[in-house]
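Written out below as structure tokens is the structure these notes cover.
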Amino acid sequence: MEFRHHHILDISALTPEDISYILETAANLKEILTRPIPKVPTLRGKLVAHLFFEPSTRTRLSFERAAKILSADVFNFTARMSSVEKGETLLDTVLNLKAMGVDLFVIRHSMAGAPHFIAQVAGTRVINAGDGFHAHPTQALLDLLTVKEKKGTLAGLKVAIIGDIRHSRVAHSGICGFKKMGAEVYVSGPATMLPSARETLGAKVCYRLEEALQGADVVMALRVQKERHGKDLFPSLREYARQFGINAERLALAKPDCLLMHPGPVNWGVELHPELENDPRSVILEQVTNGVAVRMALLVLLLGGTA
Amino acid sequence: MKILLKGGLVIDPSQGLEAALDLLIEEGRIKALGKDLPGEGARILSCHGLIVAPGFIDMHVHFREPGEEWKETIATGSLAAVAGGFTAVACMPNTRPPNDNAEVTRYILKKAKEANLCHVYPVACITKGQKGESLTEFGDLKEAGAVAVSDDGRPVPEAALMRLALEYAKNFDLPVISHAEDLSLARGGHVNEGLASAKLGLRGIPVEGEAIAIFREIMLAELTRTPVHIAHVSSKLGVELIRWAKEKGLPVTAETAPHYFTLTEEATLGYHTNAKVNPPLRSEADRQAVEEAIAEGVIDVIATDHAPHSPLEKFCEFERAAFGLVGLETALPLGLNLVRRGVISLSRLVELFSCAPARILKVPGGTLKEGARADVTVFDREATWLVSEETLHSKSKNSPFLGWEMRGQAVYTIVAGRLVYQRGKA
Ligand SMILES: [Zn+2]
């Protein structure tokens, strides 16, 4: 199969065949991570720039690890929005870095659509590492890879995503990805954080948490943030933990062999009860490893090296 | 100077007229309307196959001067207006500084006089600095030449203050124009709440915010018995409320813009910043409701909300991009699409573009009666042209219609008896 995409901006632009191909490529490349010296020359001479306009250590390190294993050169550009506000526009930054020979931009930005804008103007490859509330395609792909590995399939699974769905790019891309691969997605959490009446994302909205968890194959809790645009979306973290936090009792509603997932970093004691920290159903650290594999796959597919 | 418009189809709803007639203009006024008028000493403009209408008035434009001259000036905006077939515009007060005192009003009029193309009617602020705190000097502003008041760009935040504005406007017979938006619901939003906000991952602006604000203005029109004009209606709910107010006999009028009956929120998908506008482009059901409201007369006026922005404000991240689009030069062909789709008649279109805004703003125009000031728009219903950065006269090119083929074009624009624009000669 030929991979015809120049950018990875959004899961919605990928077909189920594209996704399967990415997951296969990632699964193959994952072997490299287990070698004593995990380094291959695939992308030697390529320059990857990580533009992070929003603090995110984990995603950035994951991309950096992936690029370095493939022997690409790496630029790390971390900017607080405030320093960018001082005059240098996103466009300036990108064009300057491009002039230094960047082949691919990995971009994390607080504004939805910023990576799309770069893709339009830069003339290089672009990977969206998370834009505003909009999309986080690499997270969705690593989640799909994790579930696929553990369950053997994605079709027909019941996936429950719990937490702030409305303001979560992880949820937006996750719902889209799981649905494309034939899973059913249920979402629950405080109703102030669920998709609004008019913004159906294709997930079934449950106002009772139990409904979403009942018989689930996958339970994914999202990191919560109490305040959005200066307004509290739920009364207290205490109430959140009591009403919407996942604990052993609630997890027991799901299938016995369910997978417990979280995009990290976890607020233990809020969205997940500390009693689940070493639970065998948790695949949270596998998600981290698979993140590196998926990002390696995307770099290879976009930069045309041979896998 | 005499001008004879020969052989056009004259459409003047103010006289219930739709006939092939000649129109003679002399000393800035309509001298005569009739068959085979003699043309001695007159400049003769052939209008065969063309429509001759009372001059179009765009009661909602942003000309950016003073303060943001890199986007548009009164001169470039006036040129875009006459190229679009408009003989008059009302410019909104959200300039820098805002038009909240007579000095700014006079400055705008001075610049308009220098540009010397179309009539420019300043709309003054309702509140000082558009801060929503205290009323501007309506009397002084009117004496300086303001024709209406509005805080457009922002709503008047409190009902009590809007009530005072409506009451005080009565002393000066100043129309009050409302930018109807509930800011607490709209704040932080970039596109319509629904398909667009869900697909783009952006905060949405719900139609209910517009409806709540329109309902407030209707209640205040009832309370004060003062006319209120609702700017840029974009939603089905908004239309329904205005229909209800009119059925109750309340003095409420309304306008919409061509983009609300032409486009939907789909135009924003892909983060197209030229389709970012406030109120946002809505759903197909909203678009249809706006179209029906135009046909029924619930919406009185088509205004463009011409809002120029340079690439500095538009060629950037969607969330950072400014709201607004240029509309003066695409309004006529988009309006003609309504006629072609069978929604309205040609004479109703002329009413929407000319008679109704003249009546609401209480300015001259909207008629070709003998003795009236000779503001005349002559257009070709069929001429096709391509919207491009080159064909637009406005200083800014932020049109969501770039690349569209338009059908319908102004051929002669005559302002106070003077031919200020001729197709192909700008
Ligand atoms: Zn407005």
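Readers should treat all values here as calculations from the given coordinates under stated rules, not as data from a laboratory. All of these numbers come straight from a predicted model, not from anything done at the bench. For neighbour counting, all protein chains shown are included, and Cβ atoms are generated from backbone atoms with ideal geometry for every residue, glycine included.
Think of each Lys and Arg Cβ as +1 and each Asp and Glu Cβ as -1; about the Cα centre, that makes the dipole of chain B roughly 660 debye. Rounded to the nearest 500, the 222 nm mean residue ellipticity of chain A from helices alone is -11500 deg cm²/dmol, with -39,500 (n - 2.57) taken per DSSP H run of at least 4 residues. Think of the protein assembly as shown as having a plus end and a minus end, set by charges on the Cβ of Lys, Arg, Asp and Glu; of A:244, A:63, A:117, A:63 sits farthest toward the positive end of this dipole. Find the centroid of the Cα atoms in region B:96-152 and in region A:110-132, then give the distance between the two in whole Å. Their Cα centres are 42 Å away from one another. Going 7 Å from the Cα of residue A:242 toward and past its Cβ, which residues in region A:261-280 have a backbone nitrogen under 18 Å from where you end up? Hits in region A:261-280 for residue A:242 at 18 Å: A:269-274. Structure remark: mean-square fluctuation, Gaussian network model of chain B, C-alpha springs under 10 Å; the largest value among B:112, B:124, B:180 belongs to B:112.
Computed from point charges on the beta carbon alone (+1 for Lys and Arg, -1 for Asp and Glu), the dipole magnitude for region B:1-155 about its Cα centre is near 220 Debye.
Sorting B:74-82, B:254-262 by average packing, meaning the other beta carbons within 10 Å per residue, from highest down gives B:74-82, B:254-262.
Taken residue by residue and averaged, Cβ atoms of other chains lying within 10 Å of the Cβ of A:130-139 number 3. The mean number of Cβ atoms from other chains found within 10 Å of a Cβ in peptide A:190-200 is 3, as a whole number.
Taking 14 Å as the straight-line reach from the Cα of residue B:369, the aspartates and glutamates in range (excluding those fewer than 8 positions away in the same chain) are B:12, B:18, B:22, B:26. Farthest towards the positive end of the charge dipole of the protein assembly as shown, among the residues A:89, B:411, B:104, is the Cα of A:89, using unit charges on the Cβ of Lys, Arg, Asp and Glu. Averaged over peptide B:310-320, the number of partner chain Cβ atoms lying within 10 Å of each residue's Cβ comes to 5. The angle between the Cα long axis of helix B:207-224 and the main principal axis of chain B comes to about 70°, on a 0 to 90 degree scale. Cross-link partners for residue B:128 among the lysines, with Cα-Cα distance under 17 Å and sequence neighbours closer than 8 places in the same chain left out: B:142. Mean residue ellipticity, 222 nm, helices only, chain B: the sum of -39500 (n - 2.57) across DSSP H runs of n ≥ 4, divided by residue count and rounded to 500, is -8500 deg cm²/dmol.
The mean sequence distance of close C-alpha pairs (under 8 Å, at least 6 residues apart), as a share of the length of chain B, puts its relative contact order at 20 percent. Computed from Cα positions, the angle between helix B:159-172 and the longest principal axis of chain B comes to roughly 30 degrees.
If only the Cβ of Lys and Arg carry +1 and only the Cβ of Asp and Glu carry -1, the dipole of the protein assembly as shown around its Cα centre is close to 1080 debye. A Förster radius of 41 Å combined with the Cβ-Cβ distance from residue B:19 to residue B:285 puts the calculated FRET efficiency at roughly 0.60. Annotation: peptides B:381-389, A:151-159, A:102-110, ranked by per-residue average of other Cβ atoms within 10 Å with the highest first, follow the order A:102-110, A:151-159, B:381-389. Across region B:142-152, coupling constants 3J(HN,Hα) worked out from phi with the 6.51/-1.76/1.60 Karplus curve, θ = phi - 60°, read 5, 4, 6, x, 5, 9, 7, 10, 6, 9, 3 Hz, and Gly and Pro carry x. In percent, how large is the relative contact order of chain A, given Cα pairs closer than 8 Å and 6 or more residues apart? Reported as a whole number, the value is 20 percent. Among A:260, A:187, A:41, whose Cα projects farthest towards the positive end of the dipole of the protein assembly as shown, with charges put on the beta-carbon of Lys, Arg (+1) and Asp, Glu (-1)? Result: A:41.
Loop-located trypsin sites (Lys or Arg not before Pro) across region B:147-212 with a Cβ neighbour count of 15 or fewer within 10 Å are B:187, with loop assigned by DSSP.
Net length available on complete extension from residue B:386 to residue B:48 is 119.4 nm, with 0.36 nm assigned per residue and the Cα-Cα distance removed.
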